[in-house]
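The values are calculated or read from the model by the stated rules, or taken from the named source; none is laboratory data. In this text, all values refer to a predicted model and were calculated from it rather than measured experimentally. Cβ placement follows ideal geometry from the backbone for every residue including glycine, while neighbour counts extend to all protein chains displayed. Only protein heavy atoms, including side chains, enter the accessible area calculation; ligands, DNA and RNA are left aside. Shrake-Rupley method; radii C 1.70, N 1.55, O 1.52, S 1.80 Å.
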Amino acid sequence: MEMYNPKPIEKKWQKTWTDEKAFHTGTDYTKKKFYALVEFPYPSGQGLHVGHPRPYTALDIIARKRRMQGYNVLYPMGWDAFGLPTENYAIKNHIHPKIVTKNNVARFKGQLSDLGYSFDWDREVNTTDPEYYKWTQWIFLKLFKKGLAYKSEMPINWCTGCKVGLANEEVVNGVCERCGSPVVRKVKSQWMLKITAYADRLIDDLDLVDYIEKVKVSQKNWIGRSTGAEVDFSIAGTDDVLTVYTTRPDTLFGVTYMVISPEHPYIEKYKDKIENYDEVIAYREEAAKKSDFERSELAKDKTGVEIKGLRAIDPVNGKEIPIWTSDYVLMSYGTGAIMAVPGHDDRDWEFAKKFGLPIIEVVAGGNVEEAAFTDVATGTLVNSGFLTGLEVADAKKKITEWLEEKGIGHSKTNFKLRDWVFSRQRYWGEPIPIVKCDKCGFVPIPEEELPLTLPDVDSYMPTDNGESPLAAMTDWVNTTCPCCGGPAKRETDTMPQWAGSSWYYLRYTDPHNTEALASKEALKYWLPVDWYNGGMEHTTLHLLYSRFWHKFLYDEGVVPTKEPYQKRTSHGMILGENGEKMSKSRGNVVNPDDIVNEFGADTLRTYEMFIGAFELSAAWSQEGVKGCRRFLDRVWKLQEIVSDARGYSKELETKIHQTIKKVSSDFEALKFNTAIAAMMTLVNEFYKAGSITKDDFATLLILLNPVAPHITEEIWEKLGMGGRLYAQKWPEHDEAKTVEDTIEIAVQINGKVKGTVKVANDAADDVVKAAAHELPNVAAILAEHTVVKEIYVKGRIVNIVVK
RNA sequence: GCGGAUAUGGCGGAAUGGCAGACGCAGCAGACUCAAAAUCUGCCGGGGCGACCCGUGUGGGUUCAAGUCCCACUAUCCGCACCA
């Protein structure tokens, strides 16, 4: 028999599957459906990385299994192709991003094709295709018309050297990654999407879906819903109040100072009253150099400046307290001002200690001289006037009622979630379909004019003043107002990469539709996505943004479901051989092409699934790859022992049924490593038996087919099994046949294993116990001790407690 | 800082509270070979001649029984809103 040679086999079957339209998604909407989705890749210049095949293979296994189970399966693939790296590459090499993208996509597609995935390539989408982004723009217009897209002054990272806005990632330790110049925050008018309007539903509707728990937790934490109160503090000598948000209104009697963000408008408003204005402004300029992230870190050194000349009055006791400014208070959360309760908040405590501000205990239970006491479950109020003696929860309720009665505060739900900054001063993104007219303001372009295509430009560099490269295209920018017909200018910012990926799963259901983003029938049939797998790194933002858009489209009557994804799972990263993240600079990147060339695609697929627990990161091992190739070689050579009868019959039948059961359930639980281990064990058993029947082999081939589709299809054909393997029915196990005739029971004395006994699987309890007592070393111990207790766990263990 | 996760042989990892180390890699020994590779067979956590003893990051606890449950630590990794 010839040796297993994967290359021609894989090419042959990839071509056959394409010719036979084996994985073409049907449009018979009466058939039961299954929509499997993996995150579409960003087609980078580096080509495919061995991290990509992990999730793709996992859901390819599920998709292939579902087809064998009789489902109409949608398993699509596409390209999330707008983005910074392509644009930066284009700038550097003077190649149009369109061309760069086209080349990268071709490379990625070729590499993916070599891996034998069952994608329906007729449904390929590309976010940079005007026929695609036409609908991205259409969704934006809908949002705009509903008042969910608005302009606001937001800071950007501004490189003082390159004179361009930078992505957070391009800012390293406060300086520009490229030129090393300091980066400062510069305020710019930007498009925002009002995701906060959906904050409650984005949390509450998590009850409707089956996401792995840590994904739900990360969504909830990101949204960060908290309930507390807004409280007005009068400013001494003015009619004004300083409003703060607090989750601990119960600690109002413990307020010893207030802190406002360096950007707080009162600094300008009370410029004349502030005695040390210059010092305050100098501090603000210093703070502007730090990111929110750096600012909110619990740094050992808190910084801040007292605002002299401005004092606040605590509404509960009329005490006058100082107002400070510090960069740990962010303008972007709450009201940009806090009441400081150093006795019961860690950051306030640090600050008070550093600047010698008083600390008052108002909740008993800790030692506020040592540390802030923040436990809300056990504390009782002290030194708190009418709140003294109450539990924290009751005090919160009572003080909130009191504040509302007096008209100086009210309960308030707050979210950490902020509105979505939707503008980018970049070329390679979807143009925002808005024009600005001096008379009419911001005017949406008419829907029938979509797509608003990106004009070709020669230079993709942002302009010196921080505008998008599109701003330099005067022919394109100058237009007429769709409303009044007068002169108007186009919006020159583009959308972020998140835009295209927020709705791509909808387009797959009907990718060539020219009338709508997808037909009602297609959406009704295919939604929701049954199973969406992606990286943990996308489980907060991408998932949140696409859920937000979906909910909006649901409100608009465009989609029929409240949630886009019924089930969400996540995979771990593939690390380099040294256990570090794979990267060019570390020199530990493994290219899947090399593995396919040397061992074959089936080996790569098998290894990626065998490497470890799917949800955990795993280090690559070239030696481990060899082991998987060896396994496939052994499967191939099973052809030599096929005969009319099995070597041993009953035991092998039991093993086969156990394997069907385990592989079927392990695939569903994403436990591919143990499923493959079980198939390896079965192959070992086949060899031990010496001979197997065609049917035995057929069962193994079907089970292994989703993992290693080419080799199994080839053997299927060579054995003359009839038809195509991909079109076979998934096997069912017979529960009765999974039970072994005799079982081994461990025998323990005081929890220590002393030996095992073999008994019939239906042996009565006392028979098993008697057998256990007869074990020589057990009998010896029993002769010298008294039995206190004896436990028999059926089919597992006997534990005899003696003294 | 905030949020999430992880820790088991030389390595990747397995184990509904019930025989720790399945399966694979590496290693060792043997078979085949002039030889090597490949393949096949056996061994393979540590200590001890042995009966046995020790062993799942650390320290406590619950239980007849703990890698698994509880409490307190330690270390490492990932994300943090303009990377995707």
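Among A:LEU638, A:LEU632, A:LEU701, A:LEU682, which is open to solvent by less than 10 Å² (accessible area, probe 1.4 Å), farther than 22 Å from A:TRP531 by Cβ and over 38 Å from the mean Cα position of the chain (by Cα)? Checking each option against the conditions leaves just A:LEU638. Restricted to helices (runs of 4 or more DSSP H) entirely inside the stretch A:660-736, those with at least 2 residues that are of a type in the set (Phe, Trp, Tyr) are A:672-689.
Do the conditions hold for A:GLY485, that is, is it away from RNA strand B (no atom under 16 Å from the Cβ) and either open to solvent by 10 Å² or more (accessible area, probe 1.4 Å) or touching a Lys or Arg at 6+ places or on another chain (Cβ under 7 Å) (or both)? When the stated conditions are applied, A:GLY485 passes them. Of the numbered criteria (1) more than 11 Å from RNA strand B (Cβ to nearest atom); (2) part of a loop (DSSP other than H, G, I, E, B); (3) modelled with pLDDT under 85, the one A:GLY795 fails is (1). Picking from residues in the stretch A:762-784 that are in a loop (DSSP other than H, G, I, E, B) and away from RNA strand B (no atom under 13 Å from the Cβ), the one that is nearest to the chain's Cα centre (by Cα) is A:ASP762. Restricting attention to the stretch A:1-30, and to residues there that are acidic (Asp, Glu) and over 13 Å from A:VAL73 (Cα atoms), which single residue is surrounded by the most Cβ atoms within 10 Å (Cβ to Cβ)? Going through the qualifying residues, I end up with A:GLU10. Scanning the stretch A:442-476 for residues that are open to solvent by less than 20 Å² (accessible area, probe 1.4 Å) and either more than 37 Å from the chain's Cα centre (by Cα) or over 22 Å from A:GLU87 (Cα atoms) (or both) yields a count of 3.
The test for being touching a His at 6+ places or on another chain (Cβ under 8 Å) and more than 23 Å from A:THR128 (Cα to Cα) holds for A:THR561. Of all residues in the stretch A:750-786, those satisfying the criterion of being exposed (fewer than 13 other Cβ atoms within 10 Å of the Cβ) and of a type in the set (Val, Ile, Thr) are A:VAL753, A:THR786.
What is the residue count in the stretch A:502-537 for residues that are in a helix (DSSP H, G or I) and either buried (at least 16 other Cβ atoms within 10 Å of the Cβ) or in contact with a helix residue (DSSP H, G or I) (Cβ under 6 Å, 6 or more places away or on another chain) (or both)? Of the residues in that region, 9 qualify. Can you pull out every residue in the stretch A:405-435 that is of a type in the set (Phe, Trp, Tyr) and either in a strand (DSSP E or B) or crowded, with 19+ Cβ neighbours inside 10 Å (or both)? Within the stretch A:405-435, A:TRP420, A:PHE422, A:TYR427, A:TRP428 meet the criteria. Among the residues of the stretch A:744-761, those that are polar (S, T, N, Q) and either within 7 Å of RNA strand B (Cβ to nearest atom) or in a helix (DSSP H, G or I) (or both) comprise A:GLN748, A:ASN750, A:THR756.
If I filter the stretch A:577-588 for residues that are over 21 Å from A:MET3 (Cα atoms), open to solvent by 70 Å² or more (accessible area, probe 1.4 Å), without any contact (Cβ under 8 Å) to a residue 60 or more places away in the chain and in contact with a Phe, Trp or Tyr (Cβ under 6 Å, 6 or more places away or on another chain), do I get at least one hit? Yes. For the stretch A:620-636, filtering for residues that are near RNA strand B (Cβ under 7 Å from one of its atoms) and farther than 17 Å from A:LEU700 by Cα leaves 5.
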